Structures are given as C-alpha cells and as structure tokens.
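> Got a structure here, written out as structure tokens. Questions coming.
The values are calculated or read from the model by the stated rules, or taken from the named source; none is laboratory data. Because the structure is a prediction, the values reported are computed rather than measured. Counting neighbours? That spans all protein chains shown, and the Cβs are built from the backbone with ideal geometry, glycine included.
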Amino acid sequence: MNSQSTPLIVYLENLGYKVETNNHDSVIKNYNNAGDAIRSLYEGVGLRNISHSGIIELRGNDVLEFIHRIATNNVKNLAKEEIIDTIFTSEKGRIIDRTTLLNFDSHQLLICSAAHKEKIVSWINKYVITDDVKTTVTEGKYTIFELLGPQADSFVTLISGSIVNNIQPNTFKIVHTEGILFFLVKIKDDNGNIKFWTISDEENARRLTKYIIENKGLFDFNFVGEDVYNSFRIEQGILAAPSEINDEINPHEARLMRLVSSTKGCYIGQEVIARLETYDKVQKYITGIEFLEPPLPESHFVLIDEDNKEAGIITSYVKSLKLNRFIGLGYVRKNFLGDGTKVIAKDQFHRTSRVEIKSLPFKK
C-alpha cells in the first residue's frame, strides 16, 4: 500500500500538514514552526512518526537463536516484552544496519532503517538453511510513534496512565486506554536519555493522534518533522543510515561497540572486529564537525589538512536549529580527533571551507 493513501497520512494531511515523498515513503518534513518543534525536543516533548522505518516481522521457533548466531549482540535469552539493539555485520566486519529487536513471544519485530530494510531481509534469508525462521517486510501493518524530550515520561502518563511506572527501560507493555490499543515501548537511548515508542495499527494510531491533540494541555508538545529531527540528531550525535551507518563502516568506527557482545562467541564478522581492537587497527571514528564559514548546499566534503593529506569525510551536515550554526557528523582519522582541531573541508568542486572537530553531542 502506498503510505500516502493510508488513513493516518490522510488524517494528518487533513489537519493541514504537507505530505512529501522521501525515498519512496510519504513523510511530513515540517509540521509547524521549526523553532517550536526543536524547543520541544530539548525542553518539552516531541512526537515523531517513524512508521517509514523498516519493520520486519520474524516468525518461527528458531528466531532468537538464529539472530544471536549471526548478529553482534547477545539476544538468545531475550525475554518476552524485552527489546535489545544489535548490529548485522558482513564477513568483513562492516555494518549492514543497526537494528532493534522486540520479543512479542509469538513473534518478533526487527526495526531497521528504511534505507536498508531490503538488504537486512536478504541478509537474514541468505543464512536461513534449516532454521525455522520466516521474514516478512510489513507494509502498513504497524504504525510507530516516537516520543522524545524531558517531558516525555510525564506526557506518556497522560496517554497511558500509571502503567508507565511499571515499564522498565528497554521493555514494553500493552496499553488499552480511552478506547485506544497500542504497545508502549520504553527505551534508553545512546546518550542515556529515555524515549518512548507506541506501536499500533493505523486506526489506533489515528485515535491516539486525535487524543493527544485534544488533551496535550500545558505540555510543551509539538509534532516533529524529518527536517527538525535531522537537526536534532546531528546536534545529539545520532547516526543515521545510509549517511553514517553503511557497509563502509565497522562498529568500532561508529562507536557502537556497546552493541557488540564480547562474551557470546561467534557472529558474522566477529574475527575481523576483534582483530581491529586487538591490534589497534581502527583508523577513524565518528565525531562532530563545526563549519567556521557557511558551506554551500548539496555539497559532499572530504577533509584534508594544510598539507593536503586526508583527514576524513563529512557524512551529513545541517544549519543547527538550536545552535544557529552549521554543524555535521563525519568519520575523522584518529590523529585529527582532538576537540578544537582545525582542518579543511573540500567539496566536489574543490571549493574549501574551514572546519573544527567537535566532541559529541554538540554543546552550546
């Protein structure tokens, strides 16, 4: 089903929001005033529709054991209503995608990036031989909302009641309130902040949207479009596929080794990833980059030093809504990683801009 014609998208469009196509998915890039939305993410609560993510349904008796065997994290004993992040890596130890696995007991959901969902399904199916594992890329079956910001916990109490107090981080529960049925997922993100997902069908998502609009009260609440979120994620150092997460990068370089179990034994790419650490072979890491002069739009930058030696690449950049300056993310060789180190960004037309290396997340 074309997501642009689904009830939720039509409902949001009828509220006056502009629907645009992004990588064949219908999304809303801007809901309202960008300044209000970015403020909600830092001071209030923002709601983002992430239903355009890759949502893969896994069924079969061997799912957890199979994912445990081929991906980086220890998922074999994942309990019912628990979630865990894990990475699928190639034989060369490169990232295919970062994913979140949710155990519903009767089946599992694997949430990945929209950009890599077909690649993930192909990768899983490549290794299924006699295992009881069946994959389905769902289209329109699930709607996922993400609630972010310091008021998220209190706001979730508004829409789910006291059940939120019984949900531990990285677990989920079913919620039935005000005639709305959904799963509520509590997640601790990479920076240690708590965020929430709601997972439902589209009709319940539409009801939830209407309920939130009518009952948001005094909360500093705003819908968050993709443009605002892109600024927020770069400010916070959140990696995205395919810009920062792709098969040119390994988990060491992406600073994602916390999602790689060092005790569970083999997985695809394990020997290469272990060897990189043992022999100190990691040459570059993700980091923040601040432009000291405005870059031209749609540019692709490599980083060089004053002697024209390679220093790294810029993977994404934006004019920060919070900081009001141009910032980005990139992979930088480790000898240039000192906070405040200055290098040169050269675009595809050999135009140059001065930039400064920054630690993540960005500070005011």
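> Only one of (1) in a helix (DSSP H, G or I); (2) over 18 Å from the mean Cα position of the chain (by Cα); (3) not charged (D, E, K, R) fails for F232. Which number is that?
Going through (1) in a helix (DSSP H, G or I); (2) over 18 Å from the mean Cα position of the chain (by Cα); (3) not charged (D, E, K, R) one by one, F232 breaks only (2).
> May I pose another question? For the range 322-342, give me each residue that is under 12 Å from I289 (Cα atoms), buried (at least 16 other Cβ atoms within 10 Å of the Cβ) and in contact with a Lys or Arg (Cβ under 8 Å, 6 or more places away or on another chain).
Correct list: F326, I327, Y331, V332.
> If I ask for residues that are aromatic (F, W, Y) and more than 16 Å from I238 (Cβ to Cβ), which ones from the range 307-340 would you list? Before you say what the answer is, go through the steps one by one.
Within the range 307-340, the first condition is being aromatic (F, W, Y), and the residues that meet it are 317, 326, 331, 336.
Once the filter is applied, which keeps residues that are aromatic (F, W, Y) and more than 16 Å from I238 (Cβ to Cβ), the range 307-340 yields F326, F336.
> Of the conditions (1) surrounded by fewer than 16 Cβ atoms within 10 Å (Cβ to Cβ); (2) within 19 Å of the chain's Cα centre (by Cα), S90 clears all except one; give me its number.
(2)
> Going through I273, I327 one at a time, which residue ends up being assigned to a helix (DSSP H, G or I) and under 25 Å from the mean Cα position of the chain (by Cα)?
It is I273.
> Follow-up question, since we're still on this one. What is the number of the single condition among (1) assigned to a loop (DSSP other than H, G, I, E, B); (2) closer than 11 Å to F223 by Cβ; (3) of a type outside the set (D, E, K, R); (4) modelled with pLDDT of 90 or more that G46 does not meet?
Among (1) assigned to a loop (DSSP other than H, G, I, E, B); (2) closer than 11 Å to F223 by Cβ; (3) of a type outside the set (D, E, K, R); (4) modelled with pLDDT of 90 or more, G46 violates only (1).
> Have a look at E178, E202 and point out the one that is at pLDDT below 95, of a type in the set (D, E, K, R) and within 23 Å of the chain's Cα centre (by Cα). Step through it out loud before you land on a result.
Details: E178 fails: within 23 Å of the chain's Cα centre (by Cα).
Only one candidate passes the filter, namely E202.
> Please enumerate the residues belonging to the range 140-191 that are outside any loop (DSSP other than H, G, I, E, B), crowded, with 20+ Cβ neighbours inside 10 Å and among the small types (G, A, S).
Matches in the range 140-191: A152, S160.
> Considering only residues of the range 348-364 that are touching a strand residue (DSSP E or B) at 6+ places or on another chain (Cβ under 8 Å) and not in a strand (DSSP E or B), which is surrounded by the most Cβ atoms within 10 Å (Cβ to Cβ)?
Of everything passing the filter in the range 348-364, F362 is surrounded by the most Cβ atoms within 10 Å (Cβ to Cβ).
> Within the range 20-36, track down each residue that is part of a loop (DSSP other than H, G, I, E, B), surrounded by fewer than 15 Cβ atoms within 10 Å (Cβ to Cβ) and at pLDDT 80 or above.
Of everything in the range 20-36, just one residue is part of a loop (DSSP other than H, G, I, E, B), surrounded by fewer than 15 Cβ atoms within 10 Å (Cβ to Cβ) and at pLDDT 80 or above, namely N33.
> Would it be correct to say that V128 is closer than 27 Å to E203 by Cβ and either in the same structural domain as V45 (by TED's automatic domain parsing) or in contact (Cβ under 8 Å) with a residue 40 or more places away in the chain (or both)?
no
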